[in-house]
Amino acid sequence: MTIEQMAEDLGISKSTVSRALSGKGRIGEDTRKRVQDYARRTGFWKEEEAAELPNGTNRSANPNLGVVIPADALDASIPFFQECLLGICEAAALLNYDVLITRGTANDNASLERLVNSRKVDGIILTRSLENDRALKYLTDIGFPVGLVGTCDDDRVIQVDADNQGASESLTGMLIGQGYRKFALVVGDITYKVNRARYQGFCDACEQRGVETAKQLIYTGMTNSEMIDNLVSNMIAERVECIVCGDDVICTRIMSKLQAEGYRIPKDISIVSLYNSFSLECFSPAVTALNFSARQTGNMLARQMIDCLRGNEYSKKTMMSYDILFRRSTDQAYRSR
């Protein structure tokens with residue numbers, strides 16, 4: 001349950017729901033009661049949680065969650081992290097928590113350690129899952145409460161993720177079922193677990209459906225625009241039928257390059273993304289994509305973290321759902337024209 005869903009169910013605005021649950025802002029008493037009663041019935045909100053901690057002790061006036069956003073994501077304004085952060089802030093505000101944000105890199109924990117050592121936060125949320133994650137190791141070694149957008153093998157970590165490997169396998173399998181046989185897979189840094197999962201899902205689909213993985217073009221570590229731009233001519237020369245992009249940022253760059261050079265999509269070449277964002281809906285044609293709700297992921301993780309900090313029941317590992325959005329970028333009718 002999210003604020004958007006609650007507002008739709010009750011036939012009111014999101015801001016009205018927020019004011020009713022937070023107790024801030026002017027709102028009619030009847031409306032406030034209706035929203036709060038609905039939130040309690042659906043398990044979204046427990047009013048008594050706002051001021052309690054384990055053992056019945058009182059929390060400080062301003063309990064905080066720390067959120068680590070990857071430095072490259074802040075610099076590039078990657079939509080996933082923006083939406084995830086909105087979801088975290090939304091849940092935290094409703095449960096009377098504030099959010100402190102810091103930048104993080106794979107090799108530098110200095111800002112994270114300052115945040116922890118200053119005792120300004122009660123728990124930390126990491127928004128990217130890495131192989132050999134130094135930040136995660138630091139937090140678990142000192143026994144600090146930590147949540148992760150992604151998965152890991154440590155059951156001390158609260159985890160919320162989607163089945164990226166299964167979703168990638170499913171979409172690729174459906175494309176093979178439509179008759180595609182020659183693919184180019186383009187993913188970013190393979191040390192990011194999400195990229196590794198999407199890569200593996202693509203390979204699984206090919207192997208399970210008799211399409212030789214060795215004959216596909218696979219590009220990993222595509223981390224800047226110049227690298228991505230240089231791929232297009234090679235993919236056309238190799239007669240690629242469908243480009244599978246690891247995420248929306250890569251897809252936006254390739255889609256723009258293809259259209260700038262006059263290629264017709266999907267007649268000349270098809271394209272899909274293993275992560276959806278609003279920008280992919282705005283292309284003409286719109287791009288087929290896997291749809292995960294980053295906002296709901298952040299919202300769920302913040303709620304589980306706060307439940308844990310308050311000594312309430314919580315889920316250590318949650319898998320979020322996804323949808324496959326088939327759009328005109330792979331439409332068979334347009335390919336045959």
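Here's the yes/no breakdown for (1) within 23 Å of Cys206 (Cβ to Cβ); (2) surrounded by fewer than 23 Cβ atoms within 10 Å (Cβ to Cβ):
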| position | (1), (2) |
| --- | --- |
| Thr252 | no, yes |
| Glu281 | no, yes |
| Arg295 | no, yes |
| Arg303 | no, no |
| Met320 | no, yes |
| Asp323 | yes, yes |
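Confirm whether Ser225 is more than 23 Å from Gly150 (Cβ to Cβ), crowded, with 20+ Cβ neighbours inside 10 Å and among the small types (Gly, Ala, Ser).
Answer is no for this residue.
If you check Arg253, Arg209, which single one turns out to be among the basic types (Lys, Arg) and modelled with pLDDT under 95?
Arg253 is the lone residue from the list that is among the basic types (Lys, Arg) and modelled with pLDDT under 95.
Every residue, every condition in (1) outside any loop (DSSP other than H, G, I, E, B); (2) among the hydrophobic types (A, V, I, L, M, F, W, C), yes or no:
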{"site": "Gly143", "(1), (2)": "no, no"}
{"site": "Asp153", "(1), (2)": "no, no"}
{"site": "Asp161", "(1), (2)": "yes, no"}
{"site": "Ile176", "(1), (2)": "yes, yes"}
{"site": "Cys206", "(1), (2)": "yes, yes"}
{"site": "Gly210", "(1), (2)": "no, no"}
{"site": "Thr223", "(1), (2)": "no, no"}
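From the list Glu238, Glu313, exactly one residue is closer than 27 Å to Lys182 by Cβ and either in the same structural domain as Ile69 (by TED's automatic domain parsing) or in contact (Cβ under 8 Å) with a residue 12 or more places away in the chain (or both). Which is it?
Glu238
Failed condition for Ile271, given (1) surrounded by 17 or more Cβ atoms within 10 Å (Cβ to Cβ); (2) outside any helix (DSSP H, G or I); (3) not assigned by TED's automatic domain parsing to the domain that holds Val240, with all others met?
(3)
The values are calculated or read from the model by the stated rules, or taken from the named source; none is laboratory data. For clarity, every value in this text was computed on a predicted model and none was experimentally measured. Reconstructed Cβ throughout: ideal geometry from the backbone, glycine too, with neighbour counts over all protein chains shown.
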